[in-house]
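See below for the structure under consideration.
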Amino acid sequence: MNRLAIIVLAIVVVGVATAWRLFLPLGNAGAPTGRADGAALYAQFCAQCHGAQLEGQPDWRRRLANGRLPAPPHNASGHTWHHPEEQLFGITKFGIGAFAPPGYESDMPAFEGALSDDQIRAILGFIRDSWPPEIRASYERISRQAKP
């Protein structure tokens, strides 16, 4: 193959890969993902309730008229880091029902079918990476202790 053909082939391959990545929906379970995607996925799926800066909804500890709690913050001021990683993963994927007391109601949807496991882990990684080192260390200790 001559040099020009190799260059053209490389340009085509890069162009197809870029176009595929740009037009692939973020919720596609087959989408490749990593920690870099966590911020974009969080912005698309979580920020509407939990805040663009992970700040949660105002007065998040006070029940609403319907008896439900507003969305908590995911920054260091909230309680997210008090839960083991696998529990946070399960709540995100399957909803809070399996982890809350019987009868507990929440506006938190389950994201199974909308997000792949890798995408959920990327979001959780984005949240975790926003915490100061001492909070992150506590979270990692809690997560290690929760493993069988």
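The values are calculated or read from the model by the stated rules, or taken from the named source; none is laboratory data. Note that the structure is predicted; figures quoted are calculated from it, not measured. All Cβ positions, glycine included, derive from the backbone under ideal geometry; neighbour counts span all protein chains shown. All accessible areas refer to the heavy atoms of the entire protein, side chains included, with ligands and DNA or RNA removed. Shrake-Rupley method; radii C 1.70, N 1.55, O 1.52, S 1.80 Å.
Key figures for this structure:
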{"item": "Full-extension gain in nm, Ala47 to His79, via 0.36 nm per residue minus C-alpha separation", "result": "9.9 nm"}
{"item": "Note, ³J(HN,Hα) from phi for the range 100-111, Karplus 6.51, -1.76, 1.60, rounded to Hz, x at Gly and Pro", "result": "9, x, x, x, 5, 10, 9, 8, 5, x, 8, 9"}
{"item": "Percent of Cα-Cα distances greater than 14 Å, calculated over the range 65-148", "result": "67 percent"}
{"item": "Sites Ser138 and Asp59 - FRET efficiency at Förster radius 25 Å, r taken between beta-carbons, to 0.05", "result": "0.50"}
{"item": "Spin-label pair Ile96/Asp129, simplified geometry with 7 Å Cα→Cβ offset, distance in nm", "result": "2.7 nm"}
{"item": "The range 46-148, accessible area per residue, ligands and nucleic acids excluded (1.4 Å, Å²)", "result": "58 Å²"}
{"item": "Whole-Hz ³J(HN,Hα) from phi, Karplus 6.51 cos²θ - 1.76 cosθ + 1.60, for the range 39-56, glycine and proline x", "result": "5, 5, 5, 4, 4, 6, 10, 10, 4, 4, 9, 8, x, 4, 9, 6, 7, x"}
{"item": "Label-to-label distance, nm, for residues given as Lys147 and Ala110 (7 Å Cα→Cβ offset)", "result": "2.6 nm"}
{"item": "Nearest-20 debye value, the range 96-148 charge dipole, Cβ charges on Lys, Arg, Asp, Glu", "result": "340 debye"}
{"item": "Derived scalar couplings ³J(HN,Hα) [the range 117-134; Karplus, 6.51 cos²θ - 1.76 cosθ + 1.60; whole Hz; x for Gly, Pro]", "result": "4, 5, 5, 4, 5, 5, 5, 4, x, 4, 4, 4, 5, 7, 7, x, x, 5"}
